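What follows is a short report on a single structure.
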Amino acid sequence: MPSSAPDNLQNFDVIVVGCGVAGLSAAVAAAETGARVAVLERSTYDERGGNTRYTTAALRMENEHAVSDDFVQRFLDNCGYHIDPDFAASTVLDYANWPPLARALPFTDPELISFLAEGVPPAIAWLKAHGVKFGGIGFYGLTPRASPRIAITGGGLHLIEVMTAHAEKIGVHFFYETTAQSLLQTEEGAVCGLRATRKALGTQRFESRAVILACGGFQGNHEMVVRYIGAKGRYLRPVARGGYYDKGEGIAMALNIGAAPAGDFAEYHAEPIDPRSSATEPLVMAYPYGILVNREGLRFTDEAPGPIDASYEDTTRIIAEQSKGIAFCILDDKINAIEHWQRCVRTDQPPVTAPNIATLARTLGFDRKAAEASIDAYNRACPKEGVFNPRALDGVATAGLSPVKSNYAVPLDTPPYHAYPIISSNTFTFGGLKVNVNAQVINSDGEVMPGLYAAGETVGLYYGKYPGATSVLRGAVFGRRAGEHAAARAGALAGR
Ligand SMILES: Cc1cc2nc3c(=O)[nH]c(=O)nc-3n(C[C@H](O)[C@H](O)[C@H](O)COP(=O)(O)OP(=O)(O)OC[C@H]3O[C@@H](n4cnc5c(N)ncnc54)[C@H](O)[C@@H]3O)c2cc1C
């Protein structure tokens, strides 16, 4: 049951906005130092936890003590775009000597990557000491993963339940159905609380010595999604119910008072889902064993360019670029000869099954003639040689077809045919706030904004392609750090 909120909304040491992995890590870390902590959460108690509540919580780690070998490299591969070489060179200096423009620059600075990678094993040990359980994880594909994973046993929901209970036990005050709207500042500019709307109570002031924004990205805010990601954003939707609560106020309220933006505002973590389903993360990952066509009945991408865990984001983003943001995965009945192929789909909706492509096209709304022509061309381009092997990258590729299909190129010639519609979900957005390794928000002049912290999706860390299974870790590491640092600041201001 939720803990009762106090009447006095002043004299908090630390206010945390949001109670996903980042917010709970922050709140517990701060409260464990003796700080008086409040958590403001827009949802009800039963729906609390945003994206974290619904995540499988796969973690890009070899084991509980080591991140994957490619962890840092994947971030470096995607650390921004054509950065001015002078700025890049300045990052070899100690952070304190970076030019202010570099500190405010929107790129994943190496300080943050190192801090994250090194902070992961201690954060896992810390969560474990609080009762969060870790173990292995199943997979949504048939081929081996490109990189290793462990997971939180019971997923993000288990973390939410364990960490909320602990936070309540150590005296954190939770205010549910309370939505943070804007930040309060002292005359000197330090952040000293915020205004929030509380259900049935209207707007109230909450005062504190530090504020930690851990209230997710903006995937639940259609206007911001279209503003930043562009017209294709119209067709995106959160991958699970929790994302609808993340409406970007944390990012907006900090930008409004001068915070530096960071992370790729034009990108998001894309996953291919079945638009007919309301289930959590209704993935459709069977397309490597068939073809993808758009509403015009045309193939538009290589369906099997590499390991599915390393390629689905690119493929899904291309689906988002198709008309109405939708594509169709067409399989033939040979799919049923592949043992456990259903592991590639998590939708609760069955495929549309029909004796011919015409019926599939009519049912799902794609161009019949063009799709039939696409399948004919694809079938002719499939090799006569080669051994189809759905459990490895078999190299059975089309010849003379554009776009090529690099693996699993066997003809679609065995009725009945099966098809799933696929859209891109917006698991979370990449645009957010620039922070330093203390999770302190940096302003657009490269200076720390006193009293303001950010963690989790509210931080802008990712560019280009998402290094899979790192977002829960980011929330835990930076959330915990924010809580510790904010509590220390509050203690110093209070003379403790
Ligand atoms: C289905 C699914 C599967 C995923 N799989 C993985 C995975 O396997 N591995 C991985 O690393 N990541 C995964 N992710 C991503 C990862 O779960 C999230 O990025 C991460 O949990 C976000 O944590 P957070 O604390 O930053 O935000 P959230 O967990 O979204 O929490 C934000 C909280 O803030 C609240 N809030 C928002 N705005 C306000 C406001 N103005 N005032 C008050 N409260 C507010 C929200 O209600 C919410 O409770 C997945 C996500 C989903 C949805």
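Quick rundown of the values:
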{"quantity": "Phe218 long-range amide H proximity, modeled H, under 5 Å", "calculated": "Thr429"}
{"quantity": "Added length on full extension, which subtracts the Cα-Cα distance from 0.36 nm per residue, Glu207 to Glu296", "calculated": "26.4 nm"}
{"quantity": "Members of Lys128/Lys199; Lys247/Lys369; Lys247/Lys465; Lys232/Lys434; Lys324/Lys405 lying beyond 31 Å, as alpha-carbon distances in this model show", "calculated": "Lys128/Lys199; Lys247/Lys369"}
{"quantity": "Loop trypsin sites (Lys or Arg not before Pro), region 356-462 (other Cβ atoms within 10 Å of the site Cβ: 13 or fewer; DSSP)", "calculated": "Lys384, Arg391"}
{"quantity": "FRET efficiency estimate (nearest 0.05) - Cβ-Cβ, Val92 to Asp70, R0 22 angstrom", "calculated": "0.45"}
{"quantity": "Distribution of pairwise C-alpha distances over region 271-425, 10 Å bins, in %", "calculated": "12, 45, 38, 5, 0"}
{"quantity": "Part-to-part distance (alpha-carbon centres) for region 465-480 and region 12-67, which is given in Å", "calculated": "12 Å"}
{"quantity": "Segment Thr153-Lys199, extension gain: residue separation times 0.36 nm, minus the distance between their alpha carbons", "calculated": "13.2 nm"}
{"quantity": "Sum of side-chain charges, Pro383 neighbourhood, beta-carbon under 14 Å (Lys, Arg +1; Asp, Glu -1)", "calculated": "+1"}
{"quantity": "Surface/4 estimate of mean projected area, convex hull on alpha-carbon atoms of region 110-169, nm²", "calculated": "5.5 nm²"}
{"quantity": "Cα centroid separation - region 87-127 against region 261-331, whole Å", "calculated": "32 Å"}
{"quantity": "Rg followed by Dmax, in Å, when the chain is reduced to its Cα trace", "calculated": "23.9, 78"}
{"quantity": "Footprinting exposure proxy for Ile257, Ile160 (fewest neighbouring C-beta atoms within 10 Å first)", "calculated": "Ile257, Ile160"}
{"quantity": "When region 1-81 is reduced to its Cα atoms, the Kirkwood hydrodynamic radius in Å", "calculated": "15.6 Å"}
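Values quoted throughout were computed directly from the atomic coordinates according to the rules given, and no laboratory measurement underlies them. Fair warning: this is a prediction, and the values are worked out from it, not measured in the lab. Backbone-built Cβ (ideal geometry, glycine too); neighbour counts: all protein chains shown.
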